1. Suppose we keep only residues that are part of a helix (DSSP H, G or I) and in contact (Cβ under 8 Å) with a residue 24 or more places away in the chain within the range 71-82. Which one would you say is surrounded by the most Cβ atoms within 10 Å (Cβ to Cβ)?
2. Could you check residue 218 against (1) touching a strand residue (DSSP E or B) at 6+ places or on another chain (Cβ under 9 Å); (2) free of Cβ contacts under 8 Å to residues at least 40 places away in the same chain and say which number it fails?
3. Residues of the range 108-121 being within 17 Å of residue 151 (Cβ to Cβ) and either at pLDDT 80 or above or in a loop (DSSP other than H, G, I, E, B) (or both), which ones?
4. Check whether at least one residue in the range 85-94 is in contact (Cβ under 8 Å) with a residue 24 or more places away in the chain, part of a helix (DSSP H, G or I), surrounded by 14 or more Cβ atoms within 10 Å (Cβ to Cβ) and outside the structural domain of residue 201 (by TED's automatic domain parsing), and report yes or no.
């Protein structure tokens, strides 16, 4: 009897079994669809992201390696591409997907702030700044420019520095506020060390910015220091 093309069993005489991880992928996707991301561990959420870029591999070991190296899902997303390339088996396609998700999360947070009065949604401001800055490996100094209704006009990184310092220029901040027609500011910078305690230099710099801004009728509502282990609000701490 003539066998039809393609009917021969694979080498070894046994039919090829489906890869063992395919069932795991289906189960993980079903859990996510039913219960959402909050029901998944960090490495499981990372697996879901890696499925697209690595469709023919068991990505659980790679997902666990990422979380172990960087500490959490958020920190892995925020890691610089050159650091992600240190992870064996993580190619450019997967790195690109991670950075797209990071950018999307920041964009979503910023758009949510635009639709409400910032000073009435303080938790949203903290959540946004944490997503944008908490896991950065260098200090960034960010400014939220607000209109008279305390709605967001613009969100800009004024400077980026080293692991423990970012240069700040009070007159440039005020000049930019005037260009945008801003009536108020929220200042924010991160401490890559993880400790959000303000330094004496942080306090002096904040006082200088507030002094220069007040001369032109621009209020500084708050200065937030963002760390991996929490945040400090100058306003809540009585420093502003």
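1. 76
2. Evaluating residue 218 over (1) touching a strand residue (DSSP E or B) at 6+ places or on another chain (Cβ under 9 Å); (2) free of Cβ contacts under 8 Å to residues at least 40 places away in the same chain leaves (2) as the failure.
3. As a first pass, look at the range 108-121 and keep what is within 17 Å of residue 151 (Cβ to Cβ): 109-121.
If the condition is that a residue be within 17 Å of residue 151 (Cβ to Cβ) and either at pLDDT 80 or above or in a loop (DSSP other than H, G, I, E, B) (or both), then 115, 116, 121 are the ones that fit.
4. Within the range 85-94 (the criterion being in contact (Cβ under 8 Å) with a residue 24 or more places away in the chain, part of a helix (DSSP H, G or I), surrounded by 14 or more Cβ atoms within 10 Å (Cβ to Cβ) and outside the structural domain of residue 201 (by TED's automatic domain parsing)), the answer is yes, since at least one residue qualifies.
The values are calculated or read from the model by the stated rules, or taken from the named source; none is laboratory data. Model, not experiment: these values are computed from the prediction. All Cβ positions, even for glycine, are placed from backbone atoms using ideal geometry, and neighbour counts span all protein chains on display.
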